[in-house]
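To start, the structure itself, in structure tokens.
The values are calculated or read from the model by the stated rules, or taken from the named source; none is laboratory data. All of these numbers come straight from a predicted model, not from anything done at the bench. We place every Cβ from the backbone using ideal geometry, glycine too, and count neighbours over all the protein chains shown.
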Amino acid sequence: MSDPHDFFGEQIAASYDDDADARFAVAHLALESGFLAELAAPDEQSGGRALEFAIGTGRVALPLAARGVEVWGIDLSEAMVAQLRAKPGGADIPVELGDFSTALAGVGMAGEFDLVYLVFNTIGNAAGQEAQVATFANAARHLRVGGCFVVETHIPGVLTAQHDHRWQVFSHTDEHHGIDEYDPVTQLMWSHHYTRIEDGTYRRNSVPFRYVWPAELDLMARLAGLRLRERWEWWDRTPFTAASESHVSVWEKE
Ligand SMILES: C[S@@+](CC[C@H](N)C(=O)[O-])C[C@H]1O[C@@H](n2cnc3c(N)ncnc32)[C@H](O)[C@@H]1O
């Protein structure tokens with residue numbers, strides 16, 4: 001398992017929170033942090049302790065902390081964490097700079113968390129099966145018995161992506177061209193973004209993701225001593241069906 005590359009440098013981090021994705025809306029964050037806060041609270045007296053793998057700029061961590069949950073984080077990118085630190089309350093969240101598949105949140109923190117979560121398709125940034133298996137093991141290592149690991153990620157939309165159909169254009173405007181490139185052998189998907197910059201030329205940013213179906217994640221969870229407790233299509237608990245394009249899955253430590 002090689003060291004992961006940091007794809008979230010200064011330039012990406014500076015504009016990360018400007019994303020038009022619905023996940024950045026205040027109403028969505030209330031929904032998502034509410035879902036996570038329910039799982040984090042071990043009893044009515046305590047908000048519980050949660051660890052975000054890939055905490056980034058604190059998009060989810062800050063609203064979750066505002067609900068009384070003690071939030072910790074792990075992230076690879078100093079630039080993303082600097083953005084978190086600059087926000088109100090951001091400096092109070094302990095963050096370990098490191099790889100979420102191996103790093104410990106802090107000395108003595110194994111077994112100390114009620115909840116570990118990894119959202120926004122970021123399980124795919126662990127860009128190999130070995131790294132994903134290690135990520136589940138690392139989540140289990142941080143959890144107390146009965147604690148939960150939550151992953152939110154998309155269902156791979158690549159059933160037609162065979163050897164003759166490996167590129168999908170997902171954005172095509174003057175400002176931005178986006179092409180996903182699939183390799184069904186390794187389950188690696190390179191997401192290529194060409195973004196127009198001031199001088200009219202395009203800047204390319206290519207990021208690898210390992211796409212993975214729910215059944216394989218369940219198997220990784222079993223290897224880590226976790227069992228599936230709930231699976232929804234989305235944070236509002238829309239039932240998960242064959243037509244679902246995303247899932248929010250909750251595995252419990254046995
Ligand atoms: C799409 S952002 C998600 C940030 C935040 N979780 C959110 O939902 O807004 C992906 C984040 O994952 C981090 N990341 C990617 N691979 C990582 C790894 N192997 N270990 C730790 N952090 C990683 C990046 O540095 C970046 O901050």
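Of note:
- Number of the condition not met by residue 118 [criteria: (1) in contact (Cβ under 8 Å) with a residue 60 or more places away in the chain; (2) more than 9 Å from the ligand (Cβ to nearest atom); (3) not acidic (Asp, Glu)]: (2)
- Residue pairs meeting the criteria (Cβ under 9 Å; at least 6 apart or on separate chains; first touching a residue at least 60 places away in the same chain (Cβ under 8 Å) and in a strand (DSSP E or B), in the range 172-194; second surrounded by 15 or more Cβ atoms within 10 Å (Cβ to Cβ) and of a type in the set (Phe, Trp, Tyr)): 188/182; 188/209; 188/211; 189/182; 189/209; 189/211
- When we screen 60, 71, 81 for residues that are more than 24 Å from residue 193 (Cβ to Cβ) and not polar (S, T, N, Q), the only hit is 71.
- Residue among 157, 200 that alone is modelled with pLDDT under 95, exposed (fewer than 13 other Cβ atoms within 10 Å of the Cβ), small (Gly, Ala, Ser) and not in a helix (DSSP H, G or I): 200
- Residue within the range 87-94 that is crowded, with 19+ Cβ neighbours inside 10 Å, among the acidic types (Asp, Glu) and either over 27 Å from residue 211 (Cα atoms) or within 10 Å of the ligand (Cβ to nearest atom) (or both) present: no
- Condition check for residue 128: within 12 Å of the ligand (Cβ to nearest atom), at pLDDT below 95 and either in the same structural domain as residue 47 (by TED's automatic domain parsing) or not hydrophobic (A, V, I, L, M, F, W, C) (or both): yes
- Among the residues of the range 11-40, the ones that are farther than 17 Å from residue 120 by Cα and either in contact with an Asp or Glu (Cβ under 9 Å, 6 or more places away or on another chain) or near the ligand (Cβ under 10 Å from one of its atoms) (or both) come to 2 in all.
- Taking the criterion of being on the phi > 0 side of the Ramachandran plot and away from the ligand (no atom under 13 Å from the Cβ), the residues of the range 44-86 that qualify are 48, 68.
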